[in-house]
Amino acid sequence: MAGPDGGRRSTRMSRLYRITRIPRPASRCLWRGHDPVIAGAPGAPGTSPPTRWVTCSRCGMEPTGRGDLSPLVGNIGDPYTGRFDGPNTNDLRHATAEGYLVHTPPGPWPYRALPRSLSIRIAPSGRGVRAGFVLRPRRSERVAAWLELGRLGSIHVDTRVDADCGPDHWTDRLVSVSYVARRLSLDGSARRIAELDLDWRNHILGPVRVTVTELATASATARLPDGRTCALRLRLSRRDVRRTRGRTRREWRADWNCPQLHPYLEPPGSGRIHLPAEPHGDTWIDRATAAAEAALPGAVITPAAAHDHP
């Protein structure tokens, strides 16, 4: 299979291995007892009311019959100090001036804790080296880590409780270290903590500035083997790569694009080739058409005249 640039497209595939229902003892809660808090969902105005129930803040376990509490009992994350005797007919009609306080109280705590699941994913990765981990010590007790080694691939390991139920469901504590394009970065939860540029050229010659100039465009028609007809757009551009100090390097590229095809599916809908020198006349159209024919096996491409840009 040909890639967008006329080369071979990677055939590496992802593999996911998952183990569920791993026994998990709740040792802290067995000795100290559960820490009940109010969990729930905010709901949607006009469509669904907010919901509240009870869960343990340490192990994520729910009572047998987690309860159906009124939003007036408290906010998500507040301690729950009510009863654990299950449904009671008197509670169903118990009301105050502000509304119903308790619809259905939770039942007793179960003996066994929620099981844990383990996921291992092996997949290709992009450029650079990355490593990091995620900690969610409460509720789901999630621990995740990953290591990406560029072309060698990546491995992601994720273990968590099978049911995530708590007010801090999305409050992960993330720490990652990455080395990409000669830059060493340290990231925290949704923010970058520190970044160090290890490219000596940026300190001596200055940062890179790229200017792209479109030189010419052309159109073509591609007839695919399945009978479809697609309109191809061909473009010739020049890239001027320069720094504050030093020479300017020029590159010429020819791109082809078919809006009717998806750019990342088979067959691809776009591609690019690098030209060794400045093309003369319409030779770049022939090279872009040849790259499109290689990426679209069996297609018949008919180019049209080019349009030069000033």
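The values are calculated or read from the model by the stated rules, or taken from the named source; none is laboratory data. Keep in mind that this is a model prediction, so the values were computed, not measured. Glycine also receives a Cβ, built like all others from the backbone with ideal geometry; neighbour counts cover every protein chain displayed.
Residues that are among the basic types (Lys, Arg) and closer than 15 Å to Leu149 by Cα were ranked within segment 104-136; the one that is modelled with the lowest pLDDT is Arg127.
Residue selection: Ala254 satisfies the criterion of being under 21 Å from Val300 (Cα atoms) and assigned by TED's automatic domain parsing to the domain that holds Gly271. Looking across segment 221-280 at every residue that is in contact with a Leu (Cβ under 8 Å, 6 or more places away or on another chain) and of a type in the set (Val, Ile, Thr), the one that is nearest to Arg209 (Cα to Cα) is identified as Thr244.
Looking across segment 39-74, the residues that are in contact (Cβ under 8 Å) with a residue 60 or more places away in the chain, more than 14 Å from Gly107 (Cα to Cα) and not small (Gly, Ala, Ser) come down to Arg58, Cys59. Among the criteria (1) buried (at least 18 other Cβ atoms within 10 Å of the Cβ); (2) modelled with pLDDT under 80; (3) at negative phi, the one Gly6 does not fulfil is (3). For segment 14-33, the candidate set comprises residues that are more than 29 Å from the chain's Cα centre (by Cα) and over 19 Å from Arg160 (Cβ atoms); within that set, the residue that is modelled with the highest pLDDT is Gly33. For first residues located in segment 235-261 and over 13 Å from Ser219 (Cα atoms), partners that are in a loop (DSSP other than H, G, I, E, B) and polar (S, T, N, Q) and lie 6+ apart or on another chain with Cβ distances below 9 Å form the pairs Asp240/Thr248; Val241/Thr248; Arg242/Thr248.
Scanning segment 40-57 for residues that are part of a loop (DSSP other than H, G, I, E, B) and crowded, with 19+ Cβ neighbours inside 10 Å yields one hit, Ser57.
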